[in-house]
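Enquirer: Dropping the structure in here first, questions after.
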Amino acid sequence: MLGGLIGACLSCSIEACPRCSTLPALTSRRTGASLITIGADSHKRTHTLVALDPVGRRVAEKTVATTTEGHLALVTWARQWSGVVFALEDCRHLTRRLERDLLGAGHRVMRVPTRLMAAAQRGGRQPGKSDPIDAEAVALAALRHPDLPVAELDGPTREVKHLVDHRRDLVAERTRIQNRLRWHLHELDPALDVPGRGLRRYRVIAELAEQLAVFDGIVARLARAPRPLPPTHKADQRPGSRAAHPGPRHGTAVAGRPGVRSSRRGDDPW
């Protein structure tokens, strides 16, 4: 009678539960004690947390707001265990602030890829879909894959990435504006042919603005729509320079107005 209970999972109704028998126990690097794994299901307004013991049994759950006060309440709630590790789904647009606050509080944070979380959710015993079920799936994936990447505080590399991404967006926006303008010109008069890279030179833009002044209609108005003109040289960014206080000469790029001139052929208004 007792032989049939050997290896049975205390929290499951079947013998030798495959979920519990294959989970490696996460241990603390300092004390060697088993850690509680807290998985999170993050949304724009709330984080739902589920705590699992080393064999994957749910011991507690909590929902907090995605604010500094909510994160502080989460850290306070986690102090009831001697050692915890947080597992966050790797969607940093939702978890970046939580990740930063947990790292600042001295906690270890693991990043769980979405595919691993989905696989753990498919293998779960609890049917349906809810925030606690998703949070438990994240924690289970962290238990099954203890070698997942560990989060670190952002350094200067993220600032560089932001600048690179911003420049890429500006270049793409310039390309969209130029392409749209070329189609407007073709609709107004196919003879209004702008040479390649011509829209990067003030002289070409000024001549084009004069040619567009004779056209009427909404397409012509869109083609003549004013656009801001950036400084043409680093020296123009000094306080008191003409570019710092645009006058009639430095007002718009394509405006269909007199006075938009520049003697520099290589100037790039966009």
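The values are calculated or read from the model by the stated rules, or taken from the named source; none is laboratory data. From a predicted model like this one, the values you see are computed outputs, not experimental measurements. Cβ atoms come from the backbone with ideal geometry, glycine included; neighbour counts cover every protein chain shown.
Enquirer: Looking at 166, 186, which is the one that is outside the structural domain of residue 88 (by TED's automatic domain parsing) and closer than 30 Å to residue 111 by Cβ?
Expert: Criteria check complete, one pass: 166.
Enquirer: Being within 15 Å of residue 220 (Cα to Cα) and within 38 Å of the chain's Cα centre (by Cα) is the filter; apply it to the range 185-205 and report the residue that is surrounded by the most Cβ atoms within 10 Å (Cβ to Cβ).
Expert: This residue is 205.
Enquirer: Among the residues in the range 163-184, are any closer than 30 Å to residue 216 by Cβ, under 20 Å from the mean Cα position of the chain (by Cα) and surrounded by 11 or more Cβ atoms within 10 Å (Cβ to Cβ)?
Expert: yes
Enquirer: Quick one: in the range 94-119, which of the residues that are within 28 Å of residue 76 (Cα to Cα) and at pLDDT below 85 is farthest from the chain's Cα centre (by Cα)?
Expert: Applying the filter and picking the extreme gives 117.
Enquirer: Another question about this same structure. Condition (residue is loosely packed, with under 12 Cβ neighbours inside 10 Å and among the charged types (D, E, K, R)) applied to the range 139-154: is it met by at least one residue?
Expert: Yes, the range 139-154 has at least one match.
Enquirer: So which residues in the range 64-84 are touching a residue at least 40 places away in the same chain (Cβ under 8 Å) and either charged (D, E, K, R) or loosely packed, with under 15 Cβ neighbours inside 10 Å (or both)?
Expert: Result: 82, single match.
Enquirer: Of the residues in the range 59-78, how many are in contact with a helix residue (DSSP H, G or I) (Cβ under 6 Å, 6 or more places away or on another chain) and either among the acidic types (Asp, Glu) or assigned to a strand (DSSP E or B) (or both)?
Expert: Total satisfying the criteria: 3.
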